[in-house]
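The values are calculated or read from the model by the stated rules, or taken from the named source; none is laboratory data. The model shown is predicted, which means the values in this text are computed figures rather than measured ones. Positions of Cβ are backbone-derived with ideal geometry, glycine not excepted, and every protein chain shown enters the neighbour counts. Only protein heavy atoms, including side chains, enter the accessible area calculation; ligands, DNA and RNA are left aside. Shrake-Rupley method; radii C 1.70, N 1.55, O 1.52, S 1.80 Å.
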Amino acid sequence: MIDPAKSCILLTGAAGEIGTALRLGLRPQYHHLLLTDRRPVADLASNERFVQADIADRDALAAMMQGVEAVVHMTGVPAEHTLEDLFRINARGVFDVFEVARLAGVKRIVFASSNHAFGCYPLTTPVTPDAPPRPDSFYGVFKVMGETMLRYYHDRHGIASVSLRIGTFRPQPIDQRSLASWLSPRDAVQLVDRSLRHPAPGCLVINAYSGNTRLKVRDPNWEFLGYRPQDDAERYVEALRAQGVDVDGPWEWREHGGAFVHQPEKPTG
Ligand SMILES: NC(=O)c1ccc[n+]([C@@H]2O[C@H](COP(=O)([O-])OP(=O)(O)OC[C@H]3O[C@@H](n4cnc5c(N)ncnc54)[C@H](O)[C@@H]3O)[C@@H](O)[C@H]2O)c1
């Protein structure tokens, strides 16, 4: 268990959308947040320290990892990037962060996985985290790789972890799909906080969604982790309808991964 009053947490991807929400939500409760990103981070609080670095810089990572009790790994690029970038940042970068953490004796890792780890399941299947992964893209494949590495580190090295299969992180839902897949900023903070504080999460994979009325996944692990979502995308239905968003018609997609399942394959060299 991580003691927020004493522990140093390393947050990667700290300048990003989710990283910023996590900083703001966690820093009032946590003793020390060490932040890293290749982009600058502004408005540091007195209990935050920032190191600007590329995730490929293993020496910088090793220096950062000293004295760190837990890593929250949010660095990543979206699926639109070239396969080369996806491989360098979302695969090799994950490997480097996890491996440097292991070598430094870090005992807990929280990882930004994705709903695209199971995107090829039909929407009629309420996917639980114990179902075999069915990634819908190389982006999803590399998220499954991260989850698999964490399984290995748990079984071989006793490192506890929580892989968060994040749905659609946004300030609010924007379309019919995100009415089901939305993860609100404060629910994201709660998920990471619970993942750090839980006494023994083992090697947990969790569907990281708000408590949306239209959820199309199921998750017994929410109870295990002590996660009680505070938000429900349904609150925004009327506002979306008023904006002309089709919130009532049949779904545009048949699979959990939405458009990802139908993208042309990237050139693989
Ligand atoms: N936003 C979502 O809905 C969503 C859904 C599923 C999974 N995720 C995952 O959550 C994580 C965070 O997503 P986000 O929405 O905050 O993305 P984001 O793009 O806003 O943030 C990612 C951060 O990673 C940093 N980064 C990228 N490449 C880097 C490199 N080579 N070295 C150092 N830093 C680098 C970027 O500068 C950025 O600040 C990602 O791993 C993403 O795949 C996000």
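Things to note:
- All lysines inside 17 Å of residue 6 as judged from Cα atoms, apart from same-chain residues fewer than 8 positions distant: 107
- Additional length obtainable on full extension of the chain from residue 251 to residue 47, 0.36 nm per residue less Cα span: 68.9 nm
- Share antiparallel - DSSP beta bridges, region 8-262, percent rounded to 5: 5 percent
- Centre separation in Å (Cα based) which lies between region 137-194 and region 68-129: 8 Å
- Chain lengthening between residue 170 and residue 57 when straightened (0.36 nm per residue, less Cα-Cα): 37.7 nm
- Within-9-Å neighbourhood charge of residue 70 [Cβ basis; K, R +1; D, E -1]: +1
- Per residue, the accessible area of region 28-83 comes to 51 Å² when a 1.4 Å probe rolls over the protein heavy atoms.
- For peptides 137-144, 19-26, sequence by mean Cβ density within 10 Å, most packed first: 137-144, 19-26
- In the chain, the portion of solvent-accessible area held by carbon and sulfur atoms comes to 53 percent [1.4 Å probe, whole percent, DNA, RNA and ligands not counted].
- Within the chain, the longest segment free of exposed loop sites, counting GluC sites (Glu not before Pro) that fall outside DSSP classes H, G, I, E and B and have at most 15 other Cβ atoms within 10 Å, spans 81-251.
- Residues of type lysines that residue 266 reaches as a straight line, Cα spacing below 24 Å, ignoring anything fewer than 8 places off in the same chain: 143
- Here the Karplus relation 6.51 cos²θ - 1.76 cosθ + 1.60, evaluated at θ = phi - 60°, turns the backbone of region 216-224 into coupling constants of 10, 10, 10, 8, x, 6, 4, 5, 4 Hz, with x for every Gly and Pro.
- When shorter helices are ignored and each DSSP H run of at least 4 residues is given -39500 (n - 2.57), the per-residue value for the chain at 222 nm works out to -8500 deg cm²/dmol.
- Per-residue SASA entry for residue 145, accessible area with 1.4 Å probe, Å² rounded to 10: 60 Å²
- The alpha carbon gyration tensor of region 8-262 gives principal lengths a ≥ b ≥ c with a/c of 1.5 or higher and a/b greater than b/c, which makes the shape prolate.
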